[in-house]
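Colleague: The following block contains the structure, expressed as structure tokens.
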Amino acid sequence: MIGESWVTTTVDKLEEWGQNNSLWPLPFGTACCAIEFMSVVSSHYDMARFGYEVVRFSPRQSDVMIVAGTITDKMGPTLKRIYEQMPDPKWVVSMGACACSGGFYRAYHVMQGIDEIVPVDVYVPGCPPTPEGLMYGILQLKEKIKRDTRRRLKEKRADSDDSGSAAA
Ligand code: SF4
């Protein structure tokens, strides 16, 4: 009850709303793009107002990895390991030309895109992307998370319906 009004909803809708409005980003910053990420979390752009509330440096406490910078072949396994340590459900934002495609580093030691090793949900182009560009990307991710959460909850319901009818 809010004041004199009542709000009704379903548990699924509540879970979807909670998931989408309480995202804890893990920055994987390796180069200049990370500086732009810092401005997005600062008071001027304040990405917390879109639900990206608490920046975490522990993968076990995060659900959105934001990769900002050049990823070398040597660093790739570390990035993959940290991604694997994040609990499900989880998402990845590839920020900047380097993370998306290697950028201008057409070199033997640089990964030509982090999607070679982790699944990417949103690509943010630019060298570096503007803070507004990253904000647009994380808003697009929110839309995707909404769709993903709906699908996950639907599958969960279908599974429990199946096991219920199998038991009957
Ligand atoms: S995309 Fe540009 S700004 Fe970002 S890490 Fe690469 S060189 Fe730096």
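The values are calculated or read from the model by the stated rules, or taken from the named source; none is laboratory data. Source: prediction; values computed, not measured. Cβ placement follows ideal geometry from the backbone for every residue including glycine, while neighbour counts extend to all protein chains displayed. The area values use the complete protein model at the heavy-atom level, side chains included, leaving out ligands, DNA and RNA. Shrake-Rupley method; radii C 1.70, N 1.55, O 1.52, S 1.80 Å.
Listed here are the residues, each with its yes/no results for (1) more than 14 Å from the chain's Cα centre (by Cα); (2) open to solvent by 10 Å² or more (accessible area, probe 1.4 Å); (3) touching a residue at least 12 places away in the same chain (Cβ under 8 Å).
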position	(1), (2), (3)
M47	no, no, yes
E53	no, yes, yes
Q61	no, yes, yes
A68	no, no, yes
V93	no, no, yes
G103	yes, yes, yes
Q112	yes, yes, no
V124	no, no, yes
P129	yes, no, yes
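Colleague: Further question on the same structure: I'd like the full set of residues that are more than 16 Å from the ligand (Cβ to nearest atom) and within 16 Å of the chain's Cα centre (by Cα), limited to the range 18-45.
Modeller: G18, Q19, N20, N21, S22, L23, W24, P25, L26, V41
Colleague: Taking the range 5-23 only, how many residues are at pLDDT 80 or above and open to solvent by 80 Å² or more (accessible area, probe 1.4 Å)?
Modeller: 7
Colleague: If you go through the range 24-52 one residue at a time, how many are part of a loop (DSSP other than H, G, I, E, B) and either at pLDDT 90 or above or over 19 Å from V92 (Cα atoms) (or both)?
Modeller: The qualifying residues number 9.
Colleague: Which of the residues spanning the range 50-101 are among the aromatic types (F, W, Y) and within 24 Å of G126 (Cα to Cα)?
Modeller: F50, Y52, Y83, W91
Colleague: May I pose another question? Exposed (fewer than 11 other Cβ atoms within 10 Å of the Cβ), in contact (Cβ under 8 Å) with a residue 24 or more places away in the chain and not charged (D, E, K, R): does that describe F57?
Modeller: Here the answer is yes, as F57 does meet what is asked.
Colleague: Identify all residues within the range 133-149 that are without any contact (Cβ under 8 Å) to a residue 24 or more places away in the chain and either of a type outside the set (S, T, N, Q) or open to solvent by less than 20 Å² (accessible area, probe 1.4 Å) (or both); write none if there are none.
Modeller: G133, Y136, E143, R147
Colleague: Is it the case that P119 is modelled with pLDDT of 95 or more, in contact with a strand residue (DSSP E or B) (Cβ under 7 Å, 6 or more places away or on another chain) and exposed (fewer than 13 other Cβ atoms within 10 Å of the Cβ)?
Modeller: yes
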